[in-house]
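J.: Right, I'll just put the structure down here and ask away after.
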Amino acid sequence: MKYTNATHVLPEKLIVEIQKYVQGETLYIPKQENAYKKWGTSSGGRNMLDRRNNAIKAAFANESTLQALAKEYHLSTETIKKIVYSHKK
């Protein structure tokens, strides 16, 4: 977590108001809800998993077995079931 001195970024009136509630402590101010990114969007991890899952679904549709897919992708058969039977696109 990045630390920023409030006097460098906040107006003096706001600092005085905040000091009525807390003084000399570290205060965490969360991001706005719309500023959060979903897991893996910055690193590309989500995209990689989506491509893998789509490949698994396609192979299953072409009659690959759950056990063969589990072995090929190094996943449990239960995980393969969750992927192929999910209704998410």
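J.: In Å and whole numbers, how far do the C-alpha atoms of the chain stretch along each principal axis, longest first?
T.: Reported extents, whole Å, longest axis first: 68, 20, 20.
J.: Can you give me the % of accessible surface on the chain that is carbon or sulfur? Probe 1.4 Å, all protein chains present, nothing else counted. Mind showing how you got there, number by number?
T.: Working: 4400 of 8130 Å².
In the chain, the share of accessible area belonging to carbon and sulfur is 54 percent.
J.: Tell me, what HN-Hα J-couplings in whole Hz come from the Karplus equation 6.51 cos²θ - 1.76 cosθ + 1.60 at θ = phi - 60° for each residue of the stretch 29-38, using x for Gly and Pro?
T.: With coefficients 6.51, -1.76 and 1.60, one gets 10, x, 5, 5, 3, 6, 8, 6, 9, 5 Hz.
J.: Rounded to the nearest whole Å², what accessible area per residue is found for the stretch 1-87 with the 1.4 Å probe?
T.: Values: 7730 Å² over 87 residues.
Normalised by residue count, the accessible surface of the stretch 1-87 is 89 Å².
J.: Pairs of lysines 8 or more apart, or on different chains, with alpha carbons under 12 Å: count those in the chain, would you?
T.: Counting lysine pairs in the chain gives 4.
J.: State, as an integer percentage, the relative contact order of the chain based on alpha-carbon contacts under 8 Å between residues 6 or more apart.
T.: 16
The values are calculated or read from the model by the stated rules, or taken from the named source; none is laboratory data. Nothing here was measured: the structure is a model prediction, and the numbers come from that model. Surface areas here come from the heavy atoms of the whole protein model, side chains and all, with no ligands, DNA or RNA. Shrake-Rupley method; radii C 1.70, N 1.55, O 1.52, S 1.80 Å.
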